[in-house]
Amino acid sequence: MNLLTEALVRLSINQGLAKPRHLAELIREIDLEDGTQDGQLKNASSVPDWCPEREAKVPPGKAYCVFCGEHFEDAADRILELIDRELHDESRVVS
């Protein structure tokens, strides 16, 4: 997920959506949410709180949506696959 994070940070800066100083401040703020400045997320799980497909709450302790069955263990890999697929689709030349 580090590659994805780096890409989003660079995109935000390059598009003028954020300044590096503001991103650094936000990172520190997020880091301190658990009361400890340790460079770790308090909830580093790749399992989301909500299913993006069904917009339904994922039950605690479950790694899948109980409505659609979507599994979230490899969510970061699937995000990267979607990005790759999108990049591949954009690279096709339409005649």
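Quick notes on this one:
- Of everything listed in (1) surrounded by 10 or more Cβ atoms within 10 Å (Cβ to Cβ); (2) outside any helix (DSSP H, G or I); (3) at pLDDT 85 or above, the single unmet condition for VAL9 is (2).
- Cβ-Cβ under 7 Å pairs, at least 6 apart or on other chains, segment 39-53 side at positive phi and at pLDDT 70 or above, far side charged (D, E, K, R) and surrounded by 10 or more Cβ atoms within 10 Å (Cβ to Cβ): GLY39/ASP31
- Residue that is farthest from GLN37 (Cα to Cα), among those in segment 12-25 that are in a helix (DSSP H, G or I) and aliphatic (A, V, I, L, M): ILE13
Residue by residue, here is whether (1) over 15 Å from the mean Cα position of the chain (by Cα); (2) aliphatic (A, V, I, L, M) holds:
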residue	(1), (2)
LEU8	no, yes
SER12	no, no
GLU25	yes, no
ILE30	no, yes
ASP38	yes, no
CYS51	no, no
GLU55	yes, no
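The values are calculated or read from the model by the stated rules, or taken from the named source; none is laboratory data. Keep in mind it's a predicted model, so treat the numbers as computed, not measured. Neighbour counts run over all protein chains shown; Cβ positions are idealised from the backbone, glycine included.
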